[in-house]
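K.L.:
One structure, pasted below without further comment.
The values are calculated or read from the model by the stated rules, or taken from the named source; none is laboratory data. What you are looking at is a predicted structure, and each value in this text was computed from that prediction instead of being measured. Here the Cβ positions follow ideal geometry from the backbone for every residue, glycine too, while neighbour counts run over all protein chains shown.
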Amino acid sequence: MTERAMQESTLLLLTALADAPRHGYALIKEIDAISGGRVTMRTGTLYGALDRLLQQNLIEVAAEEIVDGRARRSYALTDAGRDVLATEAERLRAVAAEAQRRLGGPAVHARRALA
Amino acid sequence: MTVRTAALRTAIAAYPAHYRRDRGAELADVFADTTADAGRLATAREALDLAAYGLRLRTRLTATTLGGRLLATAAPLLAGALLGVGPVPGLADPRTHTIRVAARAGLTPPWTDTPGHLAVLGLTVVPALLAAAAALGAWRAARVLACTVALLGALRIALAAADTQDSWLLLYTATALMPYLAGGVLLLAAPPDLLDEPRRHSRPLLVGLGAAAGFAAVRAQGGYDTRYLMDGWWPLLLLLAPLLPAVLCAARGRLDAAAAGLALLPLTAAFSLFSLWQQAGGVLGLLPWAVAVALALTAAARLLAGRQPSPAAVGPLG
């Protein structure tokens with residue numbers, strides 16, 4: 001399932017749900033924070049992604065409640081979603097580690113020493 | 001009623017009733033939170049995004065539906081096909097004359113002709129940019145360019161309607177411009193979250209194949225030239241050749257074959273129907289055949305879809 005790289009918006013959404021269930025607006029704020037303000041997900045786009053991930057069984061509705069007279073539905077990662085996110089995180093970690101290694105490898109050090 | 005409330009109501013009205021019942025209050029709350037400190041422009045963009053997803057749900061063109069996945073699969077081919085629609089210099093295509101006139105006129109008076117000239121030149125250049133954007137996977141730019149192509153097509157049809165007295169000539173002009181309008185709209189309708197996904201490496205090849213197929217399809221129709229209106233079985237063939245795979249293969253869940261048909265359909269459907277209408281001697285002569293074909297295709301698609309466990313199965317990871 002993770003042969004292809006995951007889209008960034010999907011990765012951010014799954015990451016935002018990794019530590020705790022969250023409702024719609026909290027997800028938008030969390031994605032904004034995780035991406036350092038680079039990705040602002042709009043309401044329609046968010047619900048499109050949520051519906052897709054719900055259908056793919058990567059997330060689930062964790063709770064439906066009324067808070068201060070407002071409808072609140074919280075979403076959480078399923079076990080499958082957790083596995084997919086972990087696999088993607090490992091793939092990214094491996095790529096980042098390799099990039100770090102090459103940037104700081106012996107050839108670079110030798111070149112810097114010669115400079 | 002505030003502008004924000006009006007924008008929200010309009011956006012929510014775009015959703016199907018069952019979704020509105022289930023999620024309407026939740027969507028309204030998130031919208032209220034996200035636009036609490038927003039200016040008019042940001043509120044309008046938020047409302048447009050909300051309404052756009054509602055329209056997708058209503059038209060069943062989301063990332064998880066068969067229609068949405070089919071459009072996303074067809075997108076690179078369609079971008080190429082729109083490039084293939086344009087006239088090629090040296091092939092005695094009468095449309096090159098129109099382009100030459102528009103290029104010579106440029107921005108010189110009379111100013112009333114300028115929008116028409118710009119639209120002609122735009123439809124010569126923008127499809128090339130669109131194909132390049134699609135080949136490079138720059139789908140945000142490709143969507144803007146697809147919208148531009150559709151708008152330029154619509155503008156030329158509107159200008160023709162204002163200028164042309166002869167209804168036959170107007171219908172012919174609109175028919176010849178319909179590929180731009182329909183192709184641009186179909187590209188825009190493809191779910192953006194699926195466009196980045198499929199077959200990243202083969203994207204330029206698909207755009208190239210689309211351009212070649214589009215060029216062949218338009219040449220087979222004489223470059224949409226009134227002097228070469230198609231006779232006999234030719235228009236029927238050019239209508240059914242893309243329509244049958246688009247419908248029947250989609251019903252079987254074979255998206256690649258269906259996408260190839262769908263990408264060519266906007267290029268052949270309008271002119272083929274126009275030629276058939278000419279042969280049948282009017283709408284009344286054509287209508288029974290059109291209804292019969294539509295019914296037969298619907299029945300065949302349902303039969304084939306029934307044999308499939310789940311043609312609209314869950315889409316890609318995205």
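K.L.:
For region A:1-34, give me each residue that is crowded, with 17+ Cβ neighbours inside 10 Å, modelled with pLDDT under 95 and of a type in the set (S, T, N, Q).
P.N.:
Answer for region A:1-34, where residues must be crowded, with 17+ Cβ neighbours inside 10 Å, modelled with pLDDT under 95 and of a type in the set (S, T, N, Q): A:Gln7, A:Ser9, A:Thr10.
K.L.:
Further, regarding this structure: Residues that are among the small types (Gly, Ala, Ser), modelled with pLDDT of 90 or more and in contact with a helix residue (DSSP H, G or I) (Cβ under 6 Å, 6 or more places away or on another chain): list the helices (runs of 4 or more DSSP H) wholly contained in region B:167-222 that include at least 1 such residues.
P.N.:
Details: elements: B:167-189, B:192-195, B:203-220.
Those helices (runs of 4 or more DSSP H) span B:167-189, B:203-220.
K.L.:
Quick one: B:Ala42 ticks every box in (1) outside any loop (DSSP other than H, G, I, E, B); (2) assigned by TED's automatic domain parsing to the domain that holds B:Tyr180 bar one, so which box is it?
P.N.:
(2)
K.L.:
Next question. Mind listing whichever residues of region B:27-51 are touching a residue at least 12 places away in the same chain (Cβ under 8 Å) and at the interface with another protein chain (Cβ under 10 Å from one of its Cβ atoms)?
P.N.:
Across region B:27-51, the qualifying residues are B:Leu27, B:Ala28, B:Phe31, B:Ala32, B:Thr34, B:Thr35, B:Glu46, B:Ala47, B:Leu48, B:Leu50, B:Ala51.
K.L.:
Filter region B:92-131 down to residues that are outside any helix (DSSP H, G or I) and without any contact (Cβ under 8 Å) to a residue 40 or more places away in the chain, then give me how many there are.
P.N.:
First, pick out the residues of region B:92-131 that are outside any helix (DSSP H, G or I): B:92-94, B:106-110.
Subset that is without any contact (Cβ under 8 Å) to a residue 40 or more places away in the chain: B:92, B:106-110.
So the count comes out to 6.
K.L.:
Exactly one condition in (1) on the phi > 0 side of the Ramachandran plot; (2) touching a His at 6+ places or on another chain (Cβ under 9 Å) is not met by B:Val30; state its number.
P.N.:
(1)
K.L.:
Taking B:Leu151, is it part of a helix (DSSP H, G or I), within 28 Å of B:Tyr15 (Cα to Cα) and outside the structural domain of B:Pro16 (by TED's automatic domain parsing)?
P.N.:
Against the criterion (part of a helix (DSSP H, G or I), within 28 Å of B:Tyr15 (Cα to Cα) and outside the structural domain of B:Pro16 (by TED's automatic domain parsing)), B:Leu151 qualifies.
K.L.:
Could you tell me which of the residues A:Arg52, A:Arg72, A:Arg82 is of a type in the set (Lys, Arg) and surrounded by 21 or more Cβ atoms within 10 Å (Cβ to Cβ)? I'd like the intermediate steps shown before the answer.
P.N.:
Details: A:Arg72 fails: surrounded by 21 or more Cβ atoms within 10 Å (Cβ to Cβ); A:Arg82 fails: surrounded by 21 or more Cβ atoms within 10 Å (Cβ to Cβ).
Going through A:Arg52, A:Arg72, A:Arg82 in turn, just one is of a type in the set (Lys, Arg) and surrounded by 21 or more Cβ atoms within 10 Å (Cβ to Cβ): A:Arg52.
K.L.:
Which one of B:Leu82, B:Leu61 is under 18 Å from the mean Cα position of the chain (by Cα) and within 14 Å of chain A (Cβ to nearest Cβ)?
P.N.:
Details: B:Leu82 fails: within 14 Å of chain A (Cβ to nearest Cβ).
So the residue among B:Leu82, B:Leu61 that is under 18 Å from the mean Cα position of the chain (by Cα) and within 14 Å of chain A (Cβ to nearest Cβ) is B:Leu61.
K.L.:
Of the residues B:Leu287, B:Leu295, which single one is closer than 20 Å to B:Trp168 by Cβ, of a type in the set (A, V, I, L, M, F, W, C) and surrounded by fewer than 16 Cβ atoms within 10 Å (Cβ to Cβ)? Let's see the steps before the verdict.
P.N.:
On the way: B:Leu295 fails: closer than 20 Å to B:Trp168 by Cβ.
Result: B:Leu287 is the single residue among B:Leu287, B:Leu295 that is closer than 20 Å to B:Trp168 by Cβ, of a type in the set (A, V, I, L, M, F, W, C) and surrounded by fewer than 16 Cβ atoms within 10 Å (Cβ to Cβ).
K.L.:
Consider region A:45-70. How many of its residues are within 7 Å of another protein chain (Cβ to nearest Cβ) and assigned to a loop (DSSP other than H, G, I, E, B)?
P.N.:
The total comes to 1.
K.L.:
Follow-up question, since we're still on this one. Count, please, the residues in region A:55-69 that happen to be out of contact with any strand residue (DSSP E or B) (no Cβ under 8 Å at 6 or more places or on another chain) and surrounded by 14 or more Cβ atoms within 10 Å (Cβ to Cβ).
P.N.:
Looking only at that region, the number is 2.
K.L.:
Still on this structure, I have one more. Taking the criterion of being among the charged types (D, E, K, R) and within 14 Å of chain B (Cβ to nearest Cβ), would at least one residue in region A:95-105 satisfy it?
P.N.:
Among the residues of region A:95-105, not one is among the charged types (D, E, K, R) and within 14 Å of chain B (Cβ to nearest Cβ), which makes the answer no.
K.L.:
What residue, of B:Arg60, B:Arg4, B:Arg56, is touching a helix residue (DSSP H, G or I) at 6+ places or on another chain (Cβ under 8 Å) and exposed (fewer than 14 other Cβ atoms within 10 Å of the Cβ)?
P.N.:
Unique residue meeting the criteria: B:Arg60.
K.L.:
If you take the residues in region A:33-44 that are closer than 19 Å to A:Ala89 by Cα and part of a helix (DSSP H, G or I), which one is farthest from the other protein chains (Cβ to nearest Cβ)?
P.N.:
A:Ile34
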